[in-house]
Amino acid sequence: MNQIRRESIGKYIQEKGAVTVKEISALFPDLSAMTIHRDLEKLEEEGVIVRTRGGAMPANPNAFHTEVKFEKRMNTNTQAKKEMAQKALPLIGQGSAVFLDAGTSCLALAQVLPDMDLNIFTTAPNIALELGRLSLPTVHMCGGMLNRSNLAVSGQSTIQMLEQINIAVAFLGVSGCTPEGDFTCGKEDEMLVKRLLVQKAGTTVILMDSSKCGKILPYTFGSIEEVDYIISDGALPAELAEKAEAAGTNVL
């Protein structure tokens, strides 16, 4: 019986690509959390899955949830991203140093940013080009290796540059977020950049529409407790909103 159950869990994870313990619990409501964790441990020993923080993924990397290509994301939840960008503007102070992450949410912010005295650092070539329409900000393009799927640079050159500067406000995008797994992304190099900004910035702001909720990707770069703001489209799950409130994280 245990083996049949574990095979069912393993098949479910393979089909979904990545799941949380909460999802498995909903699928098998009679199982205790301890039993689920034991089953996941056994499946990992058998090479079927890889456990993650708060969940599991297939052991086959090709079955992992991956980030959707930039072109497709550009046309997804566009109105929500515009609304999030407007909510973010009051957090940007004249004369401050700001970091804009790669991704469509930060691009939406760059598109509505007024012409003001700022030092803006970014890992996204397309965002740097968008900011070229403004005359007052000084735009700093981080070096590194370009990921063509999401138009982000990362790597040791990126880390070295960001380690040497002081950032007042960092705006970061996410690929997935769960109450168990916190904020996740799909590439290790990009996780290292995001994690550095979470630790280094005076104020850390997550730009995340509700479509990212419930998704978990391989690399966790920060927790709800570590960030200062979550800017969303106003449709965060109650559990996530409650965790943010308990942590003192502002949700806009």
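The values are calculated or read from the model by the stated rules, or taken from the named source; none is laboratory data. Note that the coordinates shown come from a computational prediction; the quantities given were computed from them, not determined experimentally. All Cβ positions, glycine included, derive from the backbone under ideal geometry; neighbour counts span all protein chains shown. The area values use the complete protein model at the heavy-atom level, side chains included, leaving out ligands, DNA and RNA. Shrake-Rupley method; radii C 1.70, N 1.55, O 1.52, S 1.80 Å.
What to note about this one:
- Screening Leu107, Leu146, Leu113 for residues that are without any contact (Cβ under 8 Å) to a residue 40 or more places away in the chain and over 18 Å from Lys194 (Cβ atoms) leaves exactly one candidate, Leu113.
- Looking only at region 190-219, residues that are crowded, with 20+ Cβ neighbours inside 10 Å and touching a residue at least 40 places away in the same chain (Cβ under 8 Å) come to 12 in all.
- Selected residue (criterion: farthest from the chain's Cα centre (by Cα)) from residues of region 129-172 that are of a type outside the set (A, V, I, L, M), within 21 Å of Ala88 (Cα to Cα) and open to solvent by 10 Å² or more (accessible area, probe 1.4 Å): Ser135
- Test: Ile49 is more than 27 Å from Glu188 (Cβ to Cβ), modelled with pLDDT under 85 and of a type in the set (Val, Ile, Thr): no
- The single condition among (1) over 11 Å from the mean Cα position of the chain (by Cα); (2) touching a residue at least 12 places away in the same chain (Cβ under 8 Å) that Ala238 does not meet is (2).
Residue-wise test of (1) surrounded by fewer than 20 Cβ atoms within 10 Å (Cβ to Cβ); (2) under 24 Å from the mean Cα position of the chain (by Cα); (3) within 14 Å of Pro218 (Cβ to Cβ).
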| residue | (1), (2), (3) |
| --- | --- |
| Gly17 | yes, yes, yes |
| Lys22 | yes, yes, no |
| Leu27 | yes, no, no |
| Ala33 | yes, no, no |
| His37 | yes, no, no |
| Leu40 | no, no, no |
| Gly47 | yes, no, no |
| Arg53 | yes, yes, yes |
| Pro58 | no, yes, yes |
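- Members of region 190-229 found to be at pLDDT below 90 and not polar (S, T, N, Q), listed by number: Asp209, Lys212, Cys213, Gly214, Lys215, Ile216, Leu217, Pro218, Tyr219
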